[in-house]
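To start, the structure itself, in structure tokens.
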2 protein chains.
Amino acid sequence: MDIDVVLSPAVLAPEALKGRRVVMVDVLRASTTIATALASGARAVIPATDTGEAGRLAANLDPDFSLLGGERDGKPVAGFGAGNSPAEYGPEAVQGKTVVLTTTNGTRALAKAKAGIEVAVGGFVNAARAARFLAEGLERGEPGTILCAGWHGRVSLEDTLCAGLLVSRVVTAAQASGLTDSSKMAYALYQGSRDDIERALRSTEHARRLIALDFGDDITRCAQIDTLDVLPVQHDGRITASGA
Amino acid sequence: MDIDVVLSPAVLAPEALKGRRVVMVDVLRASTTIATALASGARAVIPATDTGEAGRLAANLDPDFSLLGGERDGKPVAGFGAGNSPAEYGPEAVQGKTVVLTTTNGTRALAKAKAGIEVAVGGFVNAARAARFLAEGLERGEPGTILCAGWHGRVSLEDTLCAGLLVSRVVTAAQASGLTDSSKMAYALYQGSRDDIERALRSTEHARRLIALDFGDDITRCAQIDTLDVLPVQHDGRITASGA
């Protein structure tokens, strides 16, 4: 079963995504925020790798039908209409709008993910849809890679756990023994924490930073499993809901 | 408890080793081979990052008192006196000699490890000594990093498991909750596999490659815990047994 997990963009070899379906995972919080925005009726999310690019992209959009959002190291960006908390992306904020979003790690991982043949965004909230995207690829002979966003090039536990959940949904326990090392690691870590994902998420370095910034409620939201029936897919620099 | 695990040199940030004790871990097989050579009476192991550098270093040594060893992708190198199997580094081969060694991942990780204040080499075979090296550092206020060699920039399960063993020897279960994400991952993975480390090692991508190259016996040797009472330490480009 050809499902690989890349634990951080820093360990992504050039060419490694060629011919593969990619699910980018940034649980805290870009994946959750993007899925929430699209489930709330946003027309599209345009990921920008830095705040300057985000501002330029937003300047070309009708301000009544767009929202500029994002963060740097978890903190809001001056002049932006929203941060990176999924709580800010409900229907009242984004319905019918195009969101330009830049985050510390997630949008950079999305830029790298472009090397894949199809790119989707996955988190715990839409794990069922992300897993189905990978499973459908395997049925068509397209191998899959789960690309964890991590944190400043490092590995993050929350993304690894979500990757493990996706692997668990796609392979059987017997197939897990033939996986790559990093897939096996994600699978085993998820199996060890599956009974209380929110507790595991709250133990992470990233959660400790978010709690210090008073975003503790976001962790609860990001730890929900299968609450959003949406698959964000990236084409030509825009992320839209698959099938929308 | 400031013990970090770096799962691959590719995720090692510049400056991240500054002021820290470093244990480089390359279970299959550089760590095990270096520990075996020094425990067998080799005077020193000189790590070389590539075969050309290894040949130049060896050319300056008395051929009667030196051995040029190494591998590329697990395979022997033409013209070298030995490969990278610990079985080739017994007393009959290395007693009183200086070994020049180049391996695919381990010697490159050692080159990066130089940024630490003290650098040692750890594997399962000398885990007790490597853990004591880290614990003594912590007592002196020197934080520790376990640098996993991985495989061509990727993460490898066998090095992660050994890092988890070293973390387990240095921190209590209660302290483990305050570790960095990657340290916690290594710790949890080791705890899940500790009852049969050889089985876990045999399941790795690297072991499958070694078995295909007929080096299956090396895996058994590399999975032994605390069999060698030796701590290889690196100073000025030479690795010698600490206290020798």
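Listed values, structure above:
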| read-out | value |
| --- | --- |
| Test: A:ARG56 is more than 30 Å from A:THR220 (Cβ to Cβ), in contact with a helix residue (DSSP H, G or I) (Cβ under 9 Å, 6 or more places away or on another chain) and away from chain B (no Cβ under 14 Å) | no |
| Count of region B:186-244 residues which are in contact with a helix residue (DSSP H, G or I) (Cβ under 8 Å, 6 or more places away or on another chain), polar (S, T, N, Q) and under 27 Å from B:ALA135 (Cα atoms) | 5 |
| Qualifying residue in region B:179-188 (condition: more than 9 Å from chain A (Cβ to nearest Cβ), over 27 Å from A:ARG208 (Cα atoms) and surrounded by 24 or more Cβ atoms within 10 Å (Cβ to Cβ)) | no |
| Residues that are under 23 Å from B:ALA54 (Cα atoms) and acidic (Asp, Glu), drawn from region B:225-244 | B:ASP236 |
| Residue that is surrounded by the fewest Cβ atoms within 10 Å (Cβ to Cβ) [pool: residues in region A:96-149 that are in contact with a helix residue (DSSP H, G or I) (Cβ under 6 Å, 6 or more places away or on another chain) and within 14 Å of another protein chain (Cβ to nearest Cβ)] | A:LYS112 |
| In region B:186-211, the residues that are among the acidic types (Asp, Glu) and in contact with a Ser or Thr (Cβ under 8 Å, 6 or more places away or on another chain) | B:GLU198, B:GLU205 |
| Filtered residues of region A:167-200 (kept if in contact with a Leu (Cβ under 8 Å, 6 or more places away or on another chain), aliphatic (A, V, I, L, M) and within 17 Å of B:VAL155 (Cβ to Cβ)) | A:VAL167, A:MET185, A:ALA186, A:ALA188, A:LEU189 |
| Scope region A:150-172; condition under 19 Å from A:ARG29 (Cβ atoms) and more than 12 Å from every other protein chain (Cβ to nearest Cβ); matching residues | A:CYS162, A:LEU165, A:LEU166 |
| Lone unmet requirement of (1) more than 14 Å from chain B (Cβ to nearest Cβ); (2) under 24 Å from B:ARG202 (Cα atoms) for A:ALA176 | (1) |
| Contacts under 6 angstrom Cβ, first residue in region A:204-224 being away from chain B (no Cβ under 14 Å), partner among the β-branched types (Val, Ile, Thr), 6 or more apart | A:CYS222/A:VAL27; A:CYS222/A:THR32; A:ALA223/A:ILE197; A:GLN224/A:VAL125 |
| Region B:187-203: number of residues that are closer than 17 Å to B:SER168 by Cβ and touching a residue at least 40 places away in the same chain (Cβ under 8 Å) | 3 |
| Which numbered condition B:GLY137 misses (of (1) in contact with a strand residue (DSSP E or B) (Cβ under 9 Å, 6 or more places away or on another chain); (2) within 30 Å of A:TYR187 (Cβ to Cβ); (3) small (Gly, Ala, Ser)) | (2) |
| Which listed residue, of A:VAL77, A:VAL23, is among the hydrophobic types (A, V, I, L, M, F, W, C), over 23 Å from A:ILE225 (Cα atoms) and touching a strand residue (DSSP E or B) at 6+ places or on another chain (Cβ under 7 Å) | A:VAL77 |
| Selection count where residues are surrounded by fewer than 15 Cβ atoms within 10 Å (Cβ to Cβ) and not acidic (Asp, Glu), scope region A:50-60 | 4 |
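All of the numbers you see were taken from the coordinates with simple rules; none came from a lab. These numbers were taken from a predicted model, which means no experiment stands behind them. All Cβ positions, glycine included, derive from the backbone under ideal geometry; neighbour counts span all protein chains shown.
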